[in-house]
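Undergrad: Mind having a look at this structure? Questions to follow.
The values are calculated or read from the model by the stated rules, or taken from the named source; none is laboratory data. All values reported here derive from a predicted model rather than from experimental measurement. Positions of Cβ are backbone-derived with ideal geometry, glycine not excepted, and every protein chain shown enters the neighbour counts. Ligands, DNA and RNA are excluded from the accessible area calculation, which covers all protein heavy atoms including side chains. Shrake-Rupley method; radii C 1.70, N 1.55, O 1.52, S 1.80 Å.
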Amino acid sequence: MCGATGEVRLDGRTPDVAAVTAMAEAMSRRGPDGAGVWSQGRVALGHRRLKIIDLSEAGAQPMVDSDLGLAIAWNGCIYNYKDLRRALTGHGYRFFSTSDTEVLLKAYHHWGDRFVERMYGMFAFAIVERDSGRVLLGRDRLGIKPLYITEDANRVRFASSLPALVAGGDVDTRIDPVALHHYLTFHSVVPPPRTILRGVAKIPPATLVAIEPDGRRTTSTYWAPDFSRHDDRKDWTEKDWEEAVLASLRVAVDRRMVADVPVGALLSGGVDSSLIVGLLAEAGQTGLKTFSIGFESVGDVEGDEFKWSDIVADRFGTDHHQIRIDTDRMLPALDGAIGAMSEPMVSHDCVAFYLLSQEVAKHVKVVQSGQGADEVFAGYHWYPPMGEPDAASLDGSVAAYRAAFFDRDTAGVQALAAAGYVATDDPSGRFVTEHFARPGAQSGVDRALRLDTTVMLVDDPVKRVDNMTMAWGLEGRVPFLDHELVELAATCPPNLKTAHGGKGVLKEAARRVIPSEVIDRPKGYFPVPALTHLEGPYLDMVRDALYAPVAKERGLFAPDAVDGLLADPNGRLTPLRGNELWQIALLELWLQKHGISGPAA
């Protein structure tokens, strides 16, 4: 885990090392343990380090291998790096560190661009060939680690966070009208390669971007999950599937224990996190540190789920920490969480994750977390309707998905955004239709799961984990996004996943490991009662942001629409019960927090 950045010149000039340094410094919280900058020829790299593997200076970045003529700056962890190191040693390579960083360099040298197919892990990297000036950028299969890019005719810059690129200067910060349509329609998710800013893109998951010495650019996708049924599994029983899922998850959890520092676990008390803790205990982990968060209750809204996490902690004898958050910590934490967002994210879970990470980082530097299970194993309420006959056709499945997931239709978008600032057609509907139409997913459930696993999950829950943990120098690992587990789950019959109120196959597998009362409980969530409804100082913050001079100058939203939402701040909810006022306010708060001003278009 770390923050990586760099610049590639396309015009024959030397890189702007000062800008690269500024971009790296903007990510100091992602990597509080070290800093470095390297420049040669047309390329400069910058890095902020979080020490997890090889705590010595031999593992520092940017790392340069003079013998191979390669340099690298990257963010992530390669869980099978020891196996790869042994293989490379057998091919005659010698190592000067015990880091996974050096393994990346030598793997690229030996196997070329397709070395990524041998990696088990999360990563976003920039590898530089010293003599030719070729640069290879890449991102892991499920997009767990972020990689943003901005470019013009003279240079390309990249970084682990969008605000870092803004800190480097010379970025077009006008609002992208298509991205704004996605934000206001697709539950605030902006699919890659777009971001909310015109001048910044993000490299999609499972993607390599090669910048050749002559300036040519090639982009390739090296992995995609197949959501069709496999002949060699057509005779599997429900028990066969449960055993296969559990075996794959065991491997995924075990892989994510690799570290030269202690590894803990987040424990909400739900099925997903409880199963991870159970499997760690089953594998012999003792003294495992686990963490749960709770807030003050408001009215009839409970502020914690300690009842459930305590059951699991007691069953497996973990070193459990209940983290209780007083209401007076919420407002300043909300400001900090917005500052930690690489892109605007409306989920109230962000502030819970931010505060949880702040406390967890006092005890460990790495945690396993249960994010991803709902998307991989069909845990949300909109998946069962996708299996109805009306949703079997392409048009039917698009209509069913839109009805459940989209915040508003295009007319609603046009009524909310100021004239000229948002796409006037329906790019969000077109995006879903095109994604659903791709081969490899024949049923409505399969189409929705593929879209959510490869897009929504990446740019909402997974990004939330990365941004909020890294704000405190904490590495979050997500075993449910082990690519082999995702591949297995994708081939599982949809009815097994949607059974038992969702995640059926996972729940039944979990009964072999964790207490049934945790499995059969109502579906939980990160309870943040103070943010459930906008009132008091939270409403004041929203009103101040939307009426601020910079917001009026930007002119992003129709004034009468803003006035109407503020007049009834909790009266307009999206189909997923998101607050419409909070959605537009969060975007404005994020822009202001990161110093982005001026007209939107």
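Undergrad: Output the pairs from Lys239/Lys463; Lys463/Lys593; Lys51/Lys145; Lys307/Lys497 with a Cα-Cα distance over 25 Å in this structure; if there are none, say none. Present the calculation step by step, with values, prior to reporting the outcome.
TA: On the way: Lys239/Lys463 33 Å; Lys463/Lys593 18 Å; Lys51/Lys145 16 Å; Lys307/Lys497 27 Å.
Flagged as over cut-off: Lys239/Lys463; Lys307/Lys497.
Undergrad: While we're on this one: Over the Cα atoms of the stretch 208-279, Rg to Rh with Kirkwood Rh, two decimal places?
TA: When Rh is taken as the Kirkwood radius, the ratio is 1.17.
Undergrad: Order Thr195, Thr498, Thr14, most accessible first, counting only protein heavy atoms with a 1.4 angstrom probe.
TA: Values: Thr195 0, Thr498 30, Thr14 105 Å².
Result of the area sort, largest leading: Thr14, Thr498, Thr195.
Undergrad: According to the square roots a ≥ b ≥ c of the eigenvalues of the Cα gyration tensor, what is the shape class of the stretch 257-375, taking rounded for a/c under 1.5, prolate for a/b larger than b/c otherwise, and oblate for the remainder?
TA: Working: a/c = 1.83, a/b = 1.42, b/c = 1.28.
The shape class here is prolate.
Undergrad: When N counts the residues of the stretch 1-64, how does its alpha-carbon radius of gyration compare numerically with 2.2 N^0.38 Å, as a ratio? Please list the in-between numbers first.
TA: Numbers: Rg = 12.0 Å, N = 64, 2.2 N^0.38 = 10.7 Å.
Compactness ratio reported: 1.12.
Undergrad: Still on this model: Once ligands and nucleic acids are excluded and a 1.4 Å probe is used, how much of Thr218 is accessible, expressed in Å² to the nearest 10?
TA: 60 Å²
Undergrad: While we're on this one: For the chain, with only Lys/Arg (+1) and Asp/Glu (-1) charged at the beta-carbon, what is the dipole magnitude about the Cα centre, in debye rounded to 20?
TA: 1300 debye
Undergrad: Sticking with this one: Please give the per residue volume of the convex hull enclosing the alpha carbon atoms of the stretch 319-397, rounded to a whole number of Å³. Spell out each step's value before the answer.
TA: Working: hull volume 13.1 nm³, N = 79.
Considering the Cα atoms of the stretch 319-397, their hull volume per residue is 166 Å³.
Undergrad: For all pairs of alpha-carbon atoms in the stretch 157-261, what percent lies in each bin of width 5 Å, listed from the first bin to the last filled one?
TA: 2, 9, 11, 12, 14, 13, 12, 12, 9, 5, 2, 0
Undergrad: What's log10 of I(q)/I(0) for the stretch 466-601 at q = 0.14 Å⁻¹, Debye sum over Cα points only, no solvent?
TA: The Cα Debye sum returns log10 ratios of -0.90.
Undergrad: Still on this structure, I have one more. Can you give the accessible area of His91 in Å² (nearest 10), computed on protein heavy atoms with a 1.4 Å probe?
TA: The accessible area comes out at roughly 110 Å².
Undergrad: Can I ask one more? Order Glu117, Glu102, most accessible first, counting only protein heavy atoms with a 1.4 angstrom probe.
TA: Final ranking, largest accessible area leading: Glu117, Glu102.
Undergrad: At a 1.4 Å probe radius, which order do Thr453, Thr219 fall into by accessible area, largest first?
TA: Largest accessible area first, the residues go Thr219, Thr453.
Undergrad: Just one of [x] 172; [y] 158; [z] 147 is volume of the Cα convex hull per residue in Å³ calculated from these coordinates, so which is it?
TA: Comparing each candidate, only [z] matches the computed number.
Undergrad: Would you please classify the overall shape of the stretch 416-523 from the alpha carbon gyration tensor, given that a ≥ b ≥ c denote the square roots of the eigenvalues, rounded means a/c under 1.5, and beyond that prolate means a/b larger than b/c while oblate covers the rest?
TA: Because a/c hits 1.5 or more and a/b fails to exceed b/c, the stretch 416-523 counts as oblate.
Undergrad: Another question, if that's okay. On the full set of protein chains, 1.4 Å probe, figure out the accessible area of Asp232 and give it in Å² to the nearest 10.
TA: Per-residue accessible area (Asp232): approximately 120 Å².
Undergrad: Amide H of His320 versus every other amide H placed in the peptide plane: which residues, excluding those fewer than 5 positions away on the same chain, fall under 5 Å?
TA: Amide H to amide H, under 5 Å and 5 or more residues apart or across chains, His320 pairs with Thr290.
Undergrad: What shape does the stretch 356-436 have by the C-alpha gyration tensor, where a ≥ b ≥ c are the square roots of the eigenvalues, rounded means a/c under 1.5, and otherwise prolate means a/b greater than b/c and oblate the rest?
TA: Oblate.
Undergrad: With viscosity set to 1.002 mPa s and temperature to 20 °C, compute the Stokes-Einstein D of the stretch 101-172, Rh being the Kirkwood radius across alpha carbon pairs; µm²/s, no decimals.
TA: 158 µm²/s
Undergrad: Quick check for me: using +1 on Lys/Arg Cβ and -1 on Asp/Glu Cβ, what's the dipole size of the stretch 345-466 about its Cα centre, in debye to the nearest 20?
TA: The calculated dipole for the stretch 345-466 is roughly 360 debye.
Undergrad: Whole-Hz ³J(HN,Hα) for each residue in the stretch 119-136, computed from phi via Karplus 6.51 cos²θ - 1.76 cosθ + 1.60 with θ = phi - 60°, x for glycine and proline: what do you get?
TA: 8, 10, x, 10, 6, 9, 9, 10, 10, 10, 8, 4, 7, 8, x, 5, 10, 10
Undergrad: From the helices alone, meaning DSSP H stretches of at least four residues, give me the mean residue ellipticity at 222 nm for the chain, per-run term -39500 (n - 2.57), in deg cm²/dmol to the nearest 500.
TA: It comes out at -11000 deg cm²/dmol, rounded to the nearest 500.
Undergrad: Given H placed on each backbone N at 1.01 Å, which residues far from Arg141 in sequence or on other chains put an amide H within less than 5 Å of it?
TA: Excluding prolines and chain starts, which carry no amide H, the hits are Ala206.
Undergrad: Another question, then. Just to check I understand the Karplus step: with θ = phi - 60° and J = 6.51 cos²θ - 1.76 cosθ + 1.60, what whole-Hz values come out for the stretch 464-479, glycine and proline as x?
TA: Here the 3J(HN,Hα) series is 4, 4, 4, 5, 6, 6, 5, 4, 10, x, 10, 9, x, 10, 10, x Hz.
Undergrad: Hey, if you put +1 on the Cβ of every Lys and Arg and -1 on every Asp and Glu Cβ in the chain, which of Pro15, Leu474, Thr173 ends up farthest toward the positive end of that dipole?
TA: About the Cα centre, the residue reaching furthest to the positive side is Pro15.
Undergrad: Output needed for the stretch 349-500: three equivalent-ellipsoid semi-axes, defined as square roots of 5 times the C-alpha gyration tensor eigenvalues, in descending order, whole Å.
TA: 30, 23, 12
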